[in-house]
1. Conditions: (1) surrounded by fewer than 20 Cβ atoms within 10 Å (Cβ to Cβ); (2) modelled with pLDDT of 95 or more. Residue 124 meets all but one. Number of the miss?
2. If only one of 50, 44 is surrounded by 18 or more Cβ atoms within 10 Å (Cβ to Cβ) and in a helix (DSSP H, G or I), which one is it?
3. More than 18 Å from the chain's Cα centre (by Cα) and assigned to a loop (DSSP other than H, G, I, E, B), is that true of residue 153?
4. Could you check, for the range 129-136, whether at least one of its residues is in contact with a strand residue (DSSP E or B) (Cβ under 6 Å, 6 or more places away or on another chain) and either in contact (Cβ under 8 Å) with a residue 12 or more places away in the chain or part of a helix (DSSP H, G or I) (or both)?
5. Could you tell me whether residue 127 is within 15 Å of residue 12 (Cα to Cα) and touching a helix residue (DSSP H, G or I) at 6+ places or on another chain (Cβ under 9 Å)?
6. Suppose the filter is modelled with pLDDT of 95 or more, out of contact with any helix residue (DSSP H, G or I) (no Cβ under 6 Å at 6 or more places or on another chain) and either closer than 24 Å to residue 213 by Cβ or surrounded by fewer than 22 Cβ atoms within 10 Å (Cβ to Cβ) (or both); does residue 30 pass it?
7. Could you give me the residue pairs with C-beta distances under 8 Å whose first residue belongs to the range 169-191 and is in contact (Cβ under 8 Å) with a residue 24 or more places away in the chain and on the phi > 0 side of the Ramachandran plot, whose second residue is surrounded by fewer than 22 Cβ atoms within 10 Å (Cβ to Cβ) and part of a strand (DSSP E or B) wherever it lies, and which are 6+ apart or on separate chains?
8. Restricting attention to the range 58-92, report how many residues are crowded, with 20+ Cβ neighbours inside 10 Å and assigned to a loop (DSSP other than H, G, I, E, B).
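The values are calculated or read from the model by the stated rules, or taken from the named source; none is laboratory data. Fair warning: this is a prediction, and the values are worked out from it, not measured in the lab. Heads up, the Cβs are rebuilt from the backbone with ideal geometry, glycines too, and the neighbour counts pull from every protein chain shown.
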């Protein structure tokens, strides 16, 4: 992996940070010196998660499907810090192992898109002015090899389709924000043993490490890429 920068004094937002991979990303970023804004749809859940972490971790209620919540987060970050150094779009729903492409409930796919694609995209757009105010801005979209067109099959259609779409958002934002020095990448954490991934996967700390790698890239690091453990994944 490319060398990572020190996080001392930097501010990071992690969506869906109250459990699983998101919680471990918060833990690792806080341990590196970031001030972490841990977000969740339920404030009590965010507060409970933040209490168990090292360093400076601030709980904030955020439903990524609500534009008003994104605006409220932007206002909070502007007042408290005046910038944002890293945005980790981790919140996701509907790992729909019960569906196939030939019998998918399109309403489930549409609901997944509201969080997995539109929520992440809108939040990034809302926070762009704060990212531009950072000296080392990073956006990490937590994706999956399920969204890789190179190996896609007919299973988990809502999850796979929305992760492929999120990868497209990564490419578009990276192209537009390159001139501002904002590095935007998609990261596949692999099959991780979480509530969503189920038992048998790799340790959560290992899946989170690749996300933290992308959030702490040096200024000459890659942008517009799709990676797992710091190595490229086929689109």
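1. If we test residue 124 against (1) surrounded by fewer than 20 Cβ atoms within 10 Å (Cβ to Cβ); (2) modelled with pLDDT of 95 or more, just (1) comes out false.
2. Numbers: 44 fails: surrounded by 18 or more Cβ atoms within 10 Å (Cβ to Cβ).
Just one listed residue meets the conditions, 50.
3. Details: more than 18 Å from the chain's Cα centre (by Cα): yes; assigned to a loop (DSSP other than H, G, I, E, B): yes.
The answer is yes for residue 153.
4. Of the range 129-136, the ones in contact with a strand residue (DSSP E or B) (Cβ under 6 Å, 6 or more places away or on another chain) are none.
Checking the range 129-136: not a single residue is in contact with a strand residue (DSSP E or B) (Cβ under 6 Å, 6 or more places away or on another chain) and either in contact (Cβ under 8 Å) with a residue 12 or more places away in the chain or part of a helix (DSSP H, G or I) (or both).
5. On the way: within 15 Å of residue 12 (Cα to Cα): yes; touching a helix residue (DSSP H, G or I) at 6+ places or on another chain (Cβ under 9 Å): yes.
Yes: the conditions hold for residue 127.
6. Judged against the criteria, residue 30 is a match.
7. 190/202; 190/228
8. Residues in the range 58-92 being crowded, with 20+ Cβ neighbours inside 10 Å and assigned to a loop (DSSP other than H, G, I, E, B): 7 in total.
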